[in-house]
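Data first, discussion second: the structure below is written as structure tokens.
The numbers here are math on the coordinates, done by the rules we state, and not lab data. Keep in mind the model is a prediction, meaning the values are calculated, not measured. When we count neighbours, we look across all protein chains shown, and the Cβ atoms used for this are built from the backbone with ideal geometry, even at glycine.
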Amino acid sequence: MRRASRPAFPALALAACTLLAACEPGADRGKPVDARLAAYIAGIKAVDNHAHPMRPIPPGQPPDTEYDALPLDGIPPFQLPWRLRLDNPEWAAAARTLYGVPAADTGKAYLDALGAARARVLRARGTGFPSWVLDQAGIAVMFANRVAVGPGLMPPRFRWVPFDDPLLFPLDTRGEASRTPDTRTLYPRETALLRRYLLALGMKAPPNTLEAYVQAVIGPTLRHQHDSGAVAVKFEAAYLRPLDFGPPDPAAARAVYARYVHGGVPTRAEYKTLEDYLFHEIARDAGALGMPVHLHVLYEFGGFYSPGGSEPLQLEQVADDSTLRGTDFVMLHGGWPFTNQTLALLGKPNMYADISMMTQFIEPSQLAAVLRDWLSQWPEKVLFGTDAFDGGTPQGWDQGALLASNSARRALGIALTGMMRDGEITRARAEQLARMVLRDNAVRLYRLKL
Ligand SMILES: [Zn+2]
């Protein structure tokens with residue numbers, strides 16, 4: 001470096017100081033998160049819009065198999081993004097925070113020690129274990145997206161979000177299932193769950209006509225879900241087909257149903273006609289019952305999963321359907337990585353997005369950039385979520401909840417500190433935005449009484 005350039009440094013430093021407004025006494029200059037704001041965010045008791053908590057199972061009892069309608073352990077092995085892999089040390093750090101188990105590696109000795117420590121806490125807490133997990137993660141209420149709930153996962157700390165994909169598939173799904181190695185194992189699970197829904201209504205098979213199916217199966221199933229405490233209903237249809245639910249054609253749907261209800265395999269185009277019609281019926285019913293519709297909108301998971309089929313803009317027809325404006329939709333997982341498309345839909349009055357799973361598999365700095373984009377335009381449409389799920393001993397839903405909650409708070413801190421230092425918002429507004437994302441937006445959308 002040339003000598004002549006030296007005198008420029010003090011002036012530069014001063015300019016940076018003024019711009020960043022970070023030179024007040026005690027300010028954590030250079031740190032990405034303002035310390036006072038971080039402390040404020042840490043104290044907010046959150047509402048988790050989407051997760052798969054596990055029932056606390058006493059020793060010797062059969063395992064919990066109802067945590068997801070489409071558990072992915074049945075599909076061919078697939079790659080996970082880096083942050084979800086076990087060699088990411090954040091997983092062991094979360095286990096250490098929760099159970100005090102130090103990890104030198106992730107070998108058998110560690111897994112045994114963690115399994116034993118976790119079992120001790122579970123035994124001591126019993127059905128209070130899931131609520132204890134929420135306490136550790138600063139979560140007031142977690143939405144349990146599960147086939148069924150049960151002891152330990154009940155209100156007020158847990159609220160149920162059931163699955164309604166099975167209702168889309170009353171006909172033979174073998175044609176649909178044959179599409180990819182992933183869908184081959186996923187469709188039969190939907191068929192089995194529909195059978196369970198039908199049995200609950202005293203039916204062994206779908207009724208003869210589409211009208212009867214809508215009236216005697218869809219209506220009562222949604223009513224039952226609502227009356228059992230459901231706050232929303234969930235579709236993970238993106239694992240099965242593109243999210244381009246087109247305008248319903250009732251006459252064509254009726255004809256497809258009548259042709260195949262007693263047997264035969266519909267073509268893909270025929271099944272889509274029926275699914276599109278049924279999706280609208282279900283979404284409208286859910287809205288009438290005050291239940292928002294959750295949609296898995298994310299480019300993963302699975303070796304044969306369609307990233308293009310799950311782009312947020314596939315939902316444009318749904319978002320612009322005037323007959324669905326009485327229903328609120330939440331794009332779970334924020335449509336990552338197509339977050340600009342998500343932003344484009346947030347302008348519709350009934351479209352929302354959550355950051356579940358983004359809080360686990362992208363770094364807080366990346367999430368912060370997305371949040372800043374969304375919050376500067378649609379601050380009332382963004383919801384916190386973890387997508388905490390069971391990944392076995394080293395990656396329990398409990399560790400996921402803690403990791404995701406910390407990541408969300410860190411990302412919010414970075415985004416809001418940046419907006420404050422750039423003079424876009426005041427400290428009071430930053431605190432308000434943090435409360436909105438972590439809690440208040442969900443309280444308003446679901447009319448929660450906390
Ligand atoms: Zn999920």
Taking the 0 to 90 degree range and rounding to the nearest ten, how far is the long axis of helix 90-99 tilted relative to the main principal axis of the chain, both from C-alpha atoms?
90 degrees
Once phi for every residue in the range 32-38 is put through the Karplus expression 6.51 cos²θ - 1.76 cosθ + 1.60 (θ = phi - 60°), the whole-Hz ³J(HN,Hα) values, with Gly and Pro written as x, are x, 10, 4, 5, 5, 5, 4
As I understand it, the value is the acute angle between the Cα axis of helix 181-200 and the longest principal axis of the Cα atoms of the chain; what does it come to in degrees, rounded to 10?
60 degrees
The range 208-223 scanned against label point 7 Å out from Ala251 along Cα→C-beta; backbone N under 17 Å for 210-211
For the range 335-450, the Cα convex hull volume per residue in Å³ comes to 108 Å³
Euclidean distance between Cα centres, the range 391-448 to the range 58-129, Å
24 Å
If every Lys and Arg gets +1 and every Asp and Glu gets -1 at its Cβ, then about the Cα centre the range 98-155 yields a dipole, in debye to the nearest 20, of 180 debye
Would you calculate the separation in nanometres between label points at Lys45 and His262, each defined as 7 Å from the Cα along the Cα-to-beta-carbon direction?
5.8 nm
So which lysines can Lys234 reach, going by Cα to Cα under 23 Å and dropping same-chain residues fewer than 8 places off?
Lys272, Lys348, Lys381, Lys449
A chain fully extended from His224 to Arg179 at 0.36 nm per residue, minus the present Cα-Cα distance, gains in nm 12.9 nm
Counting other C-beta atoms within 10 Å, and keeping those with at most 14, which DSSP coil trypsin sites (Lys or Arg not before Pro) do you find in the range 46-148?
Arg85
Could you work out how far apart the two model spin labels at Gln317 and Glu363 are, taking each label as a point 7 Å from the Cα in the direction of the beta carbon, and quote it in nm?
4.0 nm
Proportion of all alpha-carbon pairs of the chain beyond 36 Å (%):
31 percent
Stretch gain in nm, segment Arg447-Thr393, where the contour uses 0.36 nm per residue and the Cα spacing is subtracted:
15.9 nm
For Thr191 and Ala344 in one chain, what is 0.36 nm times their gap in residues minus the Cα-Cα distance, to one decimal in nm?
51.6 nm
Measure nothing but the geometry: give the 0 to 90° angle between the long axis through the Cα atoms of 397-421 and the longest principal axis through the Cα atoms of the chain, rounded to 10°.
50 degrees
Taking the Cβ of each residue in Lys234, Lys348, Lys31 as the centre, tally the other Cβ atoms inside 10 Å and list the residues starting with the fewest.
Lys31, Lys348, Lys234
Report the rotationally averaged projected area of the range 61-113 based on its alpha-carbon convex hull, in square nanometres.
5.5 nm²
